[in-house]
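Asks: Pasting in a structure now, in structure tokens, and then I'll have a few things to ask.
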Amino acid sequence: MRHLLTRTIRRRVIGALTAGLLGAAGLAAPALATPRTTPATAPAPTDGLALTPPMGFNNWNSTQCRAEFNESMVEGIADLFVAKGLKDAGYQYVNLDDCWALPTRDADGKLVPDPERFPHGIKAVADYVHAKGLKLGIYTSAGTKTCNPAGFPGALGHEYSDARQFADWGVDYLKYDNCNNQGVDAKQRYTTMRDALKATGRPIVYSICEWGANKPWEWAADLGQLWRTTGDIGDSWGSMLSILKQNLPLAPYAGPGHWNDPDMLEVGNGGMTDTEYRTHFSMWSVMAAPLLIGSDLRTASPATFDILGNKEVIAVDQDPLGKQGAVVSSEGGRWVVAKEMADGSRAVALFNETNTAQRISTTATAVGLPRASAYTLRDLWRHTSSNTAGTISATVPAHGTLLVRVTADRKWAEQPPAVELRLDGSPFTEAGRTVDYTSTVTDLGRTAAERVSVSLAGPAGWTVRPTSPTTAGALPTGHTLRTTWRVTVPEGTATGAYDLTLRTDYRAPNGVRASSEVPVTATVVAPPPHGVSYLGDLPWLSTVNGYGPVERDTSNGESAAGDGHPITIGGTVYAKGLGVHAESDVAFYTGGLCSTVSARVGVDDEKGGAGTVAFEIRADDTKAAATGVLTNAMPAQQLTADVTGAQVVHLVVTDGGDGIDSDHADWADAKLTC
């Protein structure tokens, strides 16, 4: 169930040239951001519960309290776990969230399952789930009522009775929320339920859903098996990224039987791209986070099942050593996160949080592996292996993640050399124009790449012509095949993002054939108009928004498009502008032809006294102007930036340092001068 944090959904258009990589190389010893409080070593769990992060399903993100959340749906999810191979991949728990009960207890003070939703009761559902070899979870709150406004009964003051009912029904997992808590100390409330669960004698995984409000990572290891570290996740890049950054520094607190929980998975709910969902799943796995599916599997796409069912990525999450990945580096939004594995290998995520393709690189020694003549590198999404002399490097697409497992073993020579495949050039072009690109194929392996060829393919009607050699007899370690290309976009091509494909084929010295194929995104743009224009009237290249879509000439509103209100800051209404929600980034193509961006900025009045944000205008990668932290109590402030020469202008809103709850922000009267 969710607390009062606003939810997030958005659509995004990638507006940058993105070249992926077939990378290989070494890593280095993790350098973790130090928490403010050094954690005590948690005692080894004696109950055997959640020795690896729990995996399963929770209905809330996809159904909330709608009528479709019922006995039939829950049992259908259990069926799909088996039929789609999710049970075999490690998913166990089928969990009910809020709204499963009637609003009032019976005469004996007992909880009553809603007879319309669950006509056969919770025990019958548990029996059905158990018969599939799975487990059932349930939800309540450490307060007088649950979080739903309808006000279903919470467990505060009823802990022992409710725990006994859950155990009698055959419940295996309890999610214990934090709403309507009457101001009672959090540790006291969660300790009481811990004791009540133990008194039942039934092994029940205990999920402390306290939103990270009282730093449960510092005190909850002897209470439950997992604890929420953040507010609620939403189905958007901005929300997922904010939560990821809050959870990453907490690695020292995680381990077998006690896990940091950055909330459920949004994979497949539709608010992010498949590239972003792969990042979501990769980073949750590297962080040893619980993997609780939040999408409706009855309507999930094949791509969603491919992501959720990737056993090699799941193995990173479920590694018995129980280490959470540590941050090695994060400069400029180019993240390297490494996770020590029980077999001595390292799982390494090269994660690109930015809106354009970025080259991200590390080494085997940097992620903690011993020095060796070479290493085996396994790409966990491509399911291919290669050898590397020690460098792990990739041009990672916008919002993408390369997830590899690197091992210092003696069998590296059995694998073909790893190669890095890149495409450099302007990410933007206009219809009827020709643009030049340069591709590079670099051998990162200890062995030579032989009979190397490279090709670039464009959309139908586009002309792609190499102007330098596309083959090489051999590439020794560190050597590169460099090829230039001329790409002509047909007249009349509509603006937008278009896919190209860069590919290399080669052989290892032992004759093994290998190839790499990476997507490339070229964006066809139109030059900005002359004079002064309202930004809300212009097409944008891309948007990232922390809650709902970016709105034109209205406030952010709620999660649906077009549900905003008149832009209002400090009681003043503005007819033109953009309504956003932190964390947000709205990008516009300016092509080096514009001089000034200006706006009146502030927190929209629609959330009352809530919300703290900060505004930035970026000219390409340079901060051109910024405010301090603004609150709802402040009037609109003038923000003006010199953007002369910039190819892209970004309107950025950050959360003011206190999370994204209620951060509805306005770019009122936002104008571009060209």
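A short reminder: the numbers here are calculations on the coordinates, not readings from a lab. Computed from a predicted structure; not experimentally measured. All Cβ positions, even for glycine, are placed from backbone atoms using ideal geometry, and neighbour counts span all protein chains on display.
Asks: Please compute the volume of the convex hull spanned by the alpha-carbon atoms of the chain and report it per residue in Å³. The partial results should precede the final answer.
Replies: Numbers: hull volume 105.5 nm³, N = 674.
Per residue, the Cα convex hull of the chain comes to 156 Å³.
Asks: Taking θ = phi - 60°, what integer Hz values does the Karplus form 6.51 cos²θ - 1.76 cosθ + 1.60 yield along segment 277-294, in sequence order, with x for Gly and Pro?
Replies: So the Karplus estimates, Gly and Pro as x, are 5, 5, 4, 3, 5, 4, 6, 4, 5, 4, 7, 6, 8, x, 10, 10, 4, x Hz.
Asks: Shifting gears a bit: Over segment 181-241, one equal point on each Cα, no solvent: what is log10 I(q)/I(0) by the Debye formula at q = 0.28 Å⁻¹?
Replies: -1.18
Asks: Follow-up. Note the full-extension length gain between Asn214 and Ala150 as 0.36 nm times their separation in residues minus their Cα-Cα distance, in nm to one decimal.
Replies: Details: separation 64, 0.36 × 64 = 23.04 nm, distance 2.62 nm.
The Asn214-Ala150 span can extend by a further 20.4 nm.
Asks: Give the lysines whose C-alpha is closer than 24 Å to that of Lys411, dropping any in the same chain fewer than 8 places away, or say none.
Replies: Straight-line reach from Lys411, under 24 Å: Lys311, Lys339.
Asks: For segment 419-524, state what percent of all Cα-Cα pairs lands in each successive 5 Å bin, counting from 0 Å until the bin that includes the largest distance.
Replies: 2, 13, 24, 22, 14, 11, 7, 5, 2, 0
Asks: Would you mind checking segment 353-374 for residues with the amide N under 13 Å from a putative spin-label position 7 Å along Cα→C-beta of Ala494?
Replies: Label zone hits: none.
Asks: Would you kindly calculate the translational diffusion coefficient of segment 55-317, applying Stokes-Einstein with the Kirkwood radius from alpha carbon pairs, for 25 °C and a viscosity of 0.890 mPa s, and quote it in µm² s⁻¹ without decimals? Intermediate results must be reported in sequence, preceding the final value.
Replies: On the way: Rh = 18.4 Å.
D = 133 µm²/s.
Asks: Let me ask something additional. Run a plain Debye calculation on segment 125-259 (Cα atoms as equal point scatterers, no solvent) and give log10 I(q)/I(0) at q = 0.18, 0.19 Å⁻¹, rounded to two decimals, same order as the q list.
Replies: Values, matching the q order: -1.06, -1.15.
Asks: With Rg and the Kirkwood Rh both taken from Cα atoms, where does Rg over Rh land for segment 532-673?
Replies: Numbers: Rg = 13.4 Å, Rh = 14.4 Å.
Over the Cα atoms of segment 532-673, Rg/Rh equals 0.93.
Asks: Let's see if you can work this out: charge +1 on each Lys and Arg Cβ, -1 on each Asp and Glu Cβ, no other charges. What is the dipole magnitude of segment 506-622 about its Cα centre, in debye to the nearest 20? It would help to have the intermediate numbers written out before the result.
Replies: Numbers: 7 positive and 14 negative charges, 96 e Å.
In debye, rounded to 20, segment 506-622 gives about 460.
Asks: Moving on. I need the peptides 454-467, 198-211, 178-191 ranked by packing, meaning the mean over residues of other C-beta atoms within 10 angstrom, with the highest value on top.
Replies: Final packing ranking: 198-211, 178-191, 454-467.
Asks: If you average the alpha carbon positions of segment 109-153 and of segment 252-321, how far apart do those two centres end up, in angstrom?
Replies: 25 Å
Asks: First measure r as the distance between the Cβ atoms of Lys84 and Asn510, then evaluate 1/(1 + (r/R0)^6) with R0 = 51 Å and state the FRET efficiency to the nearest 0.05.
Replies: Once the sixth-power term is evaluated, E becomes 0.85.
Asks: Got a sec? Which residues in segment 602-627 would a label at Thr644 touch, if it sits 7 Å along Cα→Cβ and we count backbone N under 16 Å?
Replies: 619-620, 624-625
Asks: For each pair in Lys145/Lys323; Lys84/Lys198; Lys87/Lys145; Lys576/Lys623, compute the distance between the two Cα atoms and list the pairs where it is over 31 Å.
Replies: Numbers: Lys145/Lys323 36 Å; Lys84/Lys198 34 Å; Lys87/Lys145 33 Å; Lys576/Lys623 24 Å.
Table pairs above 31 Å Cα-Cα are Lys145/Lys323; Lys84/Lys198; Lys87/Lys145.
Asks: Quote the FRET efficiency, to the nearest 0.05, computed for Thr200 versus Ala560 with a Förster distance R0 of 35 Å and r equal to the Cβ-Cβ distance. Show your work: numbers first, answer last.
Replies: Values: r = 43 Å, r/R0 = 1.22.
For R0 = 35 Å, the calculated efficiency reads 0.25.
Asks: Going Cα to Cα from Lys123, which aspartates and glutamates come in below 16 Å? Please leave out same-chain ones fewer than 8 positions away.
Replies: Glu71, Glu75, Asp97, Asp114, Asp162, Asp168, Asp172
Asks: Assuming R0 = 35 Å, can you tell me the calculated FRET efficiency for the pair Thr471 and Lys245, based on Cβ-Cβ distance, to the nearest 0.05?
Replies: Working: r = 44 Å, r/R0 = 1.25.
The computed FRET efficiency comes out at 0.20.
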